[in-house]
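For reference, the structure is listed below as structure tokens.
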Amino acid sequence: MTDQTPPVPAAPAAPTGPAAPPGAPAAGPAVVGEGREWSLDELADAYAYPEDAASARHGAWLRANMVSSLDGAAQHDGRSEPISSAADMRVFGAMRALADVVVVGAETVRLEGYRPARAREAFAARREAAGQGPAPAIAVVSASLNLDFSLPLFTSPLVPTLVLTGAAAPPARVREAERAGAEVVVAGDGPGVEPERAVRALAGRGMTRQLTEGGPRLLGQFVAAGVLDELCLTVSPTLTAGDAQRIAGGPSLAVPSRFALASVLEEDGFLFTRYRRISPV
Ligand SMILES: NC(=O)c1ccc[n+]([C@@H]2O[C@H](COP(=O)([O-])OP(=O)(O)OC[C@H]3O[C@@H](n4cnc5c(N)ncnc54)[C@H](OP(=O)(O)O)[C@@H]3O)[C@@H](O)[C@H]2O)c1
């Protein structure tokens, strides 16, 4: 076996290397590391979207950003925070700052208490140069529209929050979403959203740099529909056991979808991996 890891751009922050427990074999070299903290600009450069996102398949580039424990858990006690870290949040923030839109499942919004994306000074010039507004829009995917529309996510975002749903969504809930200030986008003929239609509907609004933050039920549908271009997976050096969801759920694919490693960064044992779909599908 040979090491096929592409040249890696180094770590986002000072990787110190964990102390080996007594009696443990000597650790191998760290995967990456320049031994310093990366600036937000460097992170933004490392995670830049392809220049031609609009000409990608489905008219947009869809990236997912997820964190998983070593044993595959996508959450602990119903949240991802216990398996995340400060560096993970830094990378998470940089990815948000590059996106036109953050697509997220309604259950994640309900459980994680989603708030509107904020404008960040560190990324303001970059966003302006890219023709983007001050912050990405949040697009919540929901069939039931069972969401608290009095929350700031809907009433006071910098850019209007979108609600992606199906044509059979409850009309009263649609009206409530719109009254709160959200833009309701129909991207399916039934109660639910069809993943490819959602990607295209957002692209049609000029949102071609797309980021999904899950959760697993939503990501599984993007994977199954073959519309995911890139997976940014943080491998968290934690074990949880139990029966937590993996990062993507739902029915399994007939044939596993193949991705190629694009980069790996490391800090404090957290691996920040980036994989791109191998084309053609
Ligand atoms: N590890 C990570 O990186 C990560 C990231 C995100 C979330 N999480 C964790 O994952 C858990 C939540 O994820 P989850 O998989 O249970 O839920 P989810 O994917 O966030 O949301 C599921 C909900 O989204 C809506 N939905 C999904 N697909 C739809 C479609 N095709 N059409 C219309 N609506 C659709 C439905 O909402 P309605 O019920 O409103 O119809 C559904 O109940 C939380 O514990 C969270 O902490 C982890």
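The values are calculated or read from the model by the stated rules, or taken from the named source; none is laboratory data. Because the structure is a prediction, the values reported are computed rather than measured. Cβ placement follows ideal geometry from the backbone for every residue including glycine, while neighbour counts extend to all protein chains displayed.
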Problem set entry | Residue list for region 73-85, restricted to those being in a loop (DSSP other than H, G, I, E, B) and either over 17 Å from the mean Cα position of the chain (by Cα) or among the β-branched types (Val, Ile, Thr) (or both) | Asp77, Gly78
Exercise. Does Val103 satisfy the condition of being surrounded by 23 or more Cβ atoms within 10 Å (Cβ to Cβ), under 23 Å from Thr240 (Cα atoms) and out of contact with any Cys (no Cβ under 6 Å at 6 or more places or on another chain)?
Worked result: no
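Report whether or not Arg209 is under 26 Å from Pro116 (Cα atoms), buried (at least 18 other Cβ atoms within 10 Å of the Cβ) and of a type in the set (Lys, Arg).
Considered against the rule, which asks whether it is under 26 Å from Pro116 (Cα atoms), buried (at least 18 other Cβ atoms within 10 Å of the Cβ) and of a type in the set (Lys, Arg), Arg209 comes out as yes.
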Exercise. Within region 61-78, is even one residue under 29 Å from Val223 (Cβ atoms), surrounded by 14 or more Cβ atoms within 10 Å (Cβ to Cβ) and at pLDDT below 65?
Worked result: no
For this session: Being among the charged types (D, E, K, R) and near the ligand (Cβ under 9 Å from one of its atoms) is the filter here, so list the residues in region 89-119 that pass it.
Result: Glu107, Arg110, Glu112
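Let's see how each residue does on (1) under 17 Å from Gln210 (Cα atoms); (2) assigned to a helix (DSSP H, G or I); (3) out of contact with any Cys (no Cβ under 6 Å at 6 or more places or on another chain):
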residue: Asp71; (1), (2), (3): no, no, yes
residue: Arg90; (1), (2), (3): no, yes, yes
residue: Ala94; (1), (2), (3): yes, yes, yes
residue: Arg127; (1), (2), (3): yes, yes, yes
residue: Gln132; (1), (2), (3): yes, no, yes
residue: Ala139; (1), (2), (3): yes, no, yes
residue: Ala143; (1), (2), (3): no, no, yes
residue: Val159; (1), (2), (3): yes, no, yes
For this session: Tell me, yes or no, whether region 97-116 has at least one residue that is closer than 20 Å to Gly215 by Cα, assigned to a loop (DSSP other than H, G, I, E, B), polar (S, T, N, Q) and touching a residue at least 40 places away in the same chain (Cβ under 8 Å).
Result: no
Exercise. In this structure, does Leu153 turn out to be within 16 Å of the ligand (Cβ to nearest atom) and either under 18 Å from the mean Cα position of the chain (by Cα) or within 23 Å of Ala74 (Cα to Cα) (or both)?
Worked result: yes
Exercise. Applying the selection to region 73-86, what residues are more than 10 Å from the ligand (Cβ to nearest atom) and either farther than 10 Å from Phe270 by Cα or touching a helix residue (DSSP H, G or I) at 6+ places or on another chain (Cβ under 9 Å) (or both)?
Worked result: Ala86
Exercise. Is there any pair with a first residue in region 122-136 that is under 19 Å from Val91 (Cα atoms) and a second that is in a loop (DSSP other than H, G, I, E, B) and of a type in the set (Asp, Glu) whose Cβ atoms are under 8 Å apart and which are 6 or more apart or on different chains, and what are they?
Worked result: Pro136/Asp100
Problem set entry | Exclusive hit being farther than 23 Å from Pro160 by Cα, more than 14 Å from the ligand (Cβ to nearest atom) and either under 16 Å from the mean Cα position of the chain (by Cα) or of a type in the set (Phe, Trp, Tyr) (or both), set Asp229, Asp268 | Asp229
For this session: Would you point out the residue of region 189-226, among those that are touching a helix residue (DSSP H, G or I) at 6+ places or on another chain (Cβ under 6 Å) and near the ligand (Cβ under 9 Å from one of its atoms), that is nearest to Ala94 (Cα to Cα)?
Result: Gly214
Exercise. Pick from region 31-60 the residues that are modelled with pLDDT under 90 and among the hydrophobic types (A, V, I, L, M, F, W, C): which of them is nearest to Gly105 (Cα to Cα)?
Worked result: Trp38
